[in-house]
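Heads up, the thing below is written out as structure tokens.
The values are calculated or read from the model by the stated rules, or taken from the named source; none is laboratory data. Since this is a predicted model, take the numbers as computed values, not measurements. Here Cβ is always computed from backbone atoms with ideal geometry, including for glycine, and neighbour counts include all displayed protein chains.
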Amino acid sequence: MQGSGSGSPADDHPTLILSESQFPVKLGLPSVYPSGHRVLLVEDDMDQAAIVTRWLERSGKSVTLVSSRHAALEQVGSPDYDAVLCDLELPDGSGLDVAKRSKSQWPRRPCIIVTAKGDLGLAVEALRSKVDEFLPKPLTQRKLLSRLDDLLKPVETESILAIGAHPDDVEIGIGGILERHRRAGHQITILTCTGGGSGGTALRRADEAQAAARRLRAVLQMGELPDTAVSDGHETIALIEKAIRDSKATTVYTHSLHDMHQDHRAVHRATLVAARGVPNVFCYQAPSTTTDFNPSHFVDIGDLVEAKMDLIRCHESQAERPYLADDLVRSTARYWGRFAGYVHAEPLEVIRSKG
Ligand SMILES: [Zn+2]
């Protein structure tokens, strides 16, 4: 929710005019940020660790490095990692012990063992430990990343595209629903049509949007449509069509038409054109939706309210906005919950639902 749409709650906030000097980095059109997978790297050779860390970070992953079996066993139970990359020969024991514990606690999490020894017996033992891959040194960037990225691809084929006019719109509307998709292993893309420039510097807002997307393991696409002047014409339709093509979306979430903010209405109309071939299309609530908002589908977010609040808190620059008040967000979910017998729910208007 952003901008100064007529009648919107943001009307009383001044519009910031950004000068060129406030854009030290060109944002691009649209910018695509990688999914932010987190890798636990277990490697005692610091030269090798530095090289591999650089490769992983360049491909958008974040890396936590530990250099012993003992330290790895302490870390590997944590749900914070999306993949484990472990050297076989550690100073205090075998990397296979790390792999075994990782696989026993997180069977679906990819685990790769790297070794300097071309020993077939070790490879067989690694595979018996349910290790996903056994890579011999010297590693190459191409070999490592192509295998790791293959393993990190979601098993599920469902692809979710959440569209918002401004940074924070989808977190407010469907933060709980997106967290549920993440936990189901679905692929998530967030398309933010504008940089939200009138609500703070675009760069800061892009960083915040990225932080929220990382929590959801989502790919973030940021368009550069003009904040508060989004049209429902070709430019917006083309931006959304591209996101649908890139993500191969099977479900699209967008704004409701019943909304006081003109950007939200324009994005709604453009989505309906662009998503004409998508089997599932739903509209979510914004702080500026009107009393005509008429949801018929309610998703239980009882166990996801805190996760939703964490997503909203990523948008630090907007923290003082009245519509982001903690009690308002919670009580809104509580209110909608009663329509479906849940404690907390997020409401959706259904444009199309084919399951
Ligand atoms: Zn908005």
Test: residue in the stretch 132-146 that is touching a residue at least 60 places away in the same chain (Cβ under 8 Å) and part of a strand (DSSP E or B)
no
Specify the residue that is farthest from S247 (Cα to Cα); the eligible residues are those in the stretch 147-163 that are hydrophobic (A, V, I, L, M, F, W, C) and in a helix (DSSP H, G or I).
L148
Consider T140 carefully, then state whether it is more than 16 Å from the ligand (Cβ to nearest atom), over 18 Å from A286 (Cβ atoms) and crowded, with 19+ Cβ neighbours inside 10 Å.
no
Quickly run through the stretch 164-215 and pick out the residues that are within 14 Å of the ligand (Cβ to nearest atom), among the β-branched types (V, I, T) and over 13 Å from D227 (Cα atoms).
V170, I172, I174, I190
May I ask you to verify whether A72 is of a type in the set (G, A, S), at pLDDT 95 or above and touching a strand residue (DSSP E or B) at 6+ places or on another chain (Cβ under 7 Å)?
yes
If only one of P110, P79 is exposed (fewer than 14 other Cβ atoms within 10 Å of the Cβ) and not β-branched (V, I, T), which one is it?
P79
When R205 is evaluated against the numbered criteria (1) touching a strand residue (DSSP E or B) at 6+ places or on another chain (Cβ under 6 Å); (2) surrounded by 24 or more Cβ atoms within 10 Å (Cβ to Cβ), which criterion, by number, is the only one it fails?
(1)
I need every pair where a residue in the stretch 160-171 that is within 11 Å of T271 (Cβ to Cβ) has its Cβ under 9 Å from the Cβ of a residue that is at pLDDT below 95 and near the ligand (Cβ under 7 Å from one of its atoms), sequence separation at least 6 or different chains.
G164/M1; A165/M1; A165/Q2; A165/G3
Unmet requirement for I244, which otherwise passes all of (1) over 27 Å from H297 (Cα atoms); (2) within 16 Å of the chain's Cα centre (by Cα):
(1)
For the stretch 87-106, indicate whether the set of residues that are of a type in the set (S, T, N, Q), farther than 30 Å from Y253 by Cα and within 26 Å of the chain's Cα centre (by Cα) is non-empty.
yes
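Quickly run through the stretch 322-333 and pick out the residues that are outside any loop (DSSP other than H, G, I, E, B) and loosely packed, with under 15 Cβ neighbours inside 10 Å.
Kept after step one, since they are outside any loop (DSSP other than H, G, I, E, B), are these residues of the stretch 322-333: 322-324, 326-333.
P322, D326, D327, L328, S331, listed by residue number.
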Note on the stretch 164-208: residues part of a helix (DSSP H, G or I) and modelled with pLDDT of 95 or more are D169, V170, E171, I172, G173, I174, G175, G176, I177, L178
Inside the stretch 189-216, the number of residues satisfying the requirement of being touching a His at 6+ places or on another chain (Cβ under 7 Å), under 22 Å from R245 (Cβ atoms) and in contact (Cβ under 8 Å) with a residue 60 or more places away in the chain is 1
